[in-house]
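> Pasting a structure below so you can have a look.
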Amino acid sequence: MKTTYITVDLELYADQPFYTLLSFLNQKYQGTEIYPPDQYHSQWMANISFTDHSSANRCLESHCKWLESMPEDVRKEWNNISHKVMNVGYNTSSTHQAFIEQIKPSVIKQLADLALGFAFTLYPIELED
């Protein structure tokens, strides 16, 4: 099995609840919830998995365009979110000697314009001896 792209998660953490932003997110992704601080997380949080694209670039680009369309009241709340990250997930495999997927400079600019961090998570899909 080869290393493959899985999804992009939008991770949001904030000191205060963000209900206006939540309403905007639910227009496209119904069922999105925010969770209050608890013994494991000191902030309000939400996580949305975007599984509607077959590549990280297309997914990031599409969702950045959508987020850029936020109304001003939503953007005001967005700007107060302390942790905003697009986290790209991959299933990894040792059958690739090296796996490379470039995130386009234009996509990196979109992320920066939205003050979005970029992360990636690698999930092992096979056990090695």
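Here, each number is a calculation from the coordinates, and none is a lab measurement. Everything quoted here is computed from the prediction, not taken from an experiment. Neighbour counts run over all protein chains shown; Cβ positions are idealised from the backbone, glycine included.
> Kindly provide the helix-only [θ] at 222 nm of the chain, computed as the sum of -39,500 (n - 2.57) over DSSP H runs of four or more divided by all residues, to the nearest 500 deg cm²/dmol?
About -9000 deg cm²/dmol.
> Next question. Express in nm, to one decimal, how much length is gained between residue 41 and residue 76 on full extension, taking 0.36 nm for each residue of separation and deducting their alpha carbon distance.
Here the answer is 10.3 nm.
> Give the span of segment 13-82's Cα atoms along each principal axis, as three whole-Å numbers ordered largest to smallest.
36, 28, 21
> Test of understanding: ordering 41, 63 by Cβ neighbours within 10 Å, fewest first, what list do you get?
Starting with the residue having the fewest Cβ neighbours, the order is 41, 63.
> Moving on to the next point. When a footprinting reagent is the concern and you count Cβ atoms within 10 Å, what order do 118, 18, 50 take, fewest first?
Lowest count first: 118, 50, 18.
> Hey, another quick one. Between 0 and 90 degrees, rounded to the nearest ten: what's the tilt of helix 56-68 against the longest Cα principal axis of the chain?
10
> Could you list the GluC sites (Glu not before Pro) in segment 72-126 that lie in coil according to DSSP, counting only those with at most 16 other Cβ atoms within 10 Å of their Cβ?
Sites meeting the loop and neighbour criteria: 101, 126.
> Using only Cα atoms, locate the centre of segment 1-62 and the centre of segment 69-129, then give the distance between them in Å, rounded to an integer.
Value for the Cα centre distance between the two parts: 11 Å.
> Moving on. Taking H placed 1.01 Å from N in the peptide plane, check which residues at least 5 places from residue 43 or on another chain put their amide H under 5 Å from its amide H.
Hits under the 5 Å cutoff: 38.
> Given the convex hull of the Cα atoms of the chain, what is a quarter of its surface area in nm²?
Mean orientational projected area (the chain, Cα hull): 9.3 nm².
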